[in-house]
Amino acid sequence: MTPGPTPIPEKVNQRMAEGMIGHRSGDFSELMRRIKPKIKDVFGTKDDVAILSSSGTSSLEAAMVNLAAKDENVVVIVSGAFGARFEAIAKTYPYNVHTYEVEWGEAADPADFREFLNKLDDVKVVVSQACETSTAVLHPVTELGEIVKDYDEDALFIVDGVSSVGGMKFNMSESKIDCLISGSQKALMLPPGLAFVAMNQNARQKMKDNDLPRFYLDLNQYFDSLDKDTTPFTPAVSLIQGLEAVLDSVAEEGLENVYDRHAKMRDMLRAGLRALDLGLLVEDEYASPTVTAFKSTSDELSHIKDELKNNFGITIAGGQKHLKGQILRIGHMGYMFPSDIIVVLGALEGILSKYRQNDYYGKAIKEAQEVFFNDL
């Protein structure tokens, strides 16, 4: 139950194990032809989604190096470790990088961000996370997109959806998102190894006009190859086979049902954690449907993490950077269900009852069940 990599459905594992096909074969072209329309729905776009055989971080760098030209002003919203990673990527290239700092665990404040942006001249690219995985905060992406376009209709808005695409609804047009990126190992229920970049036509044109050097990450090649139902370089064929099984599974459940399931798991978990007297890092309004962070003392957090792993076979994640030892993060995305939330809360009841010498048995599960059944 980490926020990535996440569990993989058995039908996806089976599909990936069916056997290799040639990436320049008609079979592979047919596979890509079937995938292209299905993946658009998950990204909330009518435009194509490029598929790279690389980590999620490569999609961050690909978006940056393709959509920002030399010496342009770039704004990066930093509210956690992955915003900081995007900032580091931007500073690797010849851009003028401006950082909008947000307290870790808090969401970007639209009014304050508008004021920050309006003080800058000629900003061409703005970058934000949808969900900042390191803190479990969800930014008000639609409001931020409107602010970017109010500032300059031609400025591009890039959104990191690595830990949110597949777990929450996106509409790129309504949210004014020009480029939405993600990775395979989180809500998309695959092993690590695929990265995704969705772009609208404005971003595609900027990318074509951008003469900043790049090779493997030149997304022009990927979109041109998509028109021919192929890829520019050797892809991770088995992962793409598994991707089709994921997309079929999502369609079978129904996208809205998938999003409702994630929201319900979030609400169940948060209710249960409160019943265990564990503090939540993020306010309800900005709580991610894919990962939840909770607070306690360093010693208690270490004990919880070890006990979950050693006695219950449940792996969760710690904090990053200055939040290390201050929070734990539970992932609830992709191949996860309300029953999984009941299991982890039951384990936490036992762990904390013994550690604190206080009776928590049944309390967290009761609160979670009430959330589940009240929503039916």
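Within the range 189-198, restricting attention to residues that are touching a helix residue (DSSP H, G or I) at 6+ places or on another chain (Cβ under 7 Å) and not small (Gly, Ala, Ser), the residue that is most open to solvent (accessible area, probe 1.4 Å) is 191. Consider the range 276-287 and keep the residues that are crowded, with 19+ Cβ neighbours inside 10 Å and touching a helix residue (DSSP H, G or I) at 6+ places or on another chain (Cβ under 7 Å). The one that is farthest from residue 351 (Cα to Cα) is 287.
With respect to the conditions (1) open to solvent by 20 Å² or more (accessible area, probe 1.4 Å); (2) on the phi > 0 side of the Ramachandran plot; (3) out of contact with any Phe, Trp or Tyr (no Cβ under 9 Å at 6 or more places or on another chain), residue 334 lacks only one, and its number is (1). When 125, 102 are checked against the criterion of being at pLDDT 95 or above, surrounded by 17 or more Cβ atoms within 10 Å (Cβ to Cβ) and either hydroxyl-bearing (Ser, Thr, Tyr) or closer than 19 Å to residue 285 by Cβ (or both), 102 stands alone in meeting it. In this structure, residue 328 qualifies as touching a Lys or Arg at 6+ places or on another chain (Cβ under 9 Å) and not aromatic (Phe, Trp, Tyr).
Would a scan of the range 248-266 turn up a residue that is more than 29 Å from residue 368 (Cα to Cα), out of contact with any Pro (no Cβ under 6 Å at 6 or more places or on another chain) and open to solvent by 10 Å² or more (accessible area, probe 1.4 Å)?
Yes, that holds for at least one residue.
State the number of residues belonging to the range 205-222 that are outside any loop (DSSP other than H, G, I, E, B) and over 22 Å from the mean Cα position of the chain (by Cα). Residues meeting the conditions: 7.
Taking the criterion of being within 21 Å of residue 15 (Cβ to Cβ) and not hydrophobic (A, V, I, L, M, F, W, C), the residues of the range 213-238 that qualify are 229, 230, 231, 234, 235, 238. Are there any pairs with C-beta distances below 6 angstrom linking a residue in the range 137-163 that is open to solvent by less than 20 Å² (accessible area, probe 1.4 Å) to a residue that is acidic (Asp, Glu), with the two at least 6 apart or on different chains, and if so which? These pairs meet every condition: 156/178; 157/178. Is it the case, given these coordinates, that residue 195 is farther than 16 Å from residue 61 by Cβ and among the small types (Gly, Ala, Ser)? Answer is no for this residue.
The values are calculated or read from the model by the stated rules, or taken from the named source; none is laboratory data. What you see is a predicted model; the values in this text were computed from it and never measured. No Cβ is skipped: glycine too gets one built from the backbone with ideal geometry, and neighbour counts run over all protein chains shown. Please note that ligands, DNA and RNA were not included when accessible areas were found on the heavy atoms of the full protein model with its side chains. Shrake-Rupley method; radii C 1.70, N 1.55, O 1.52, S 1.80 Å.
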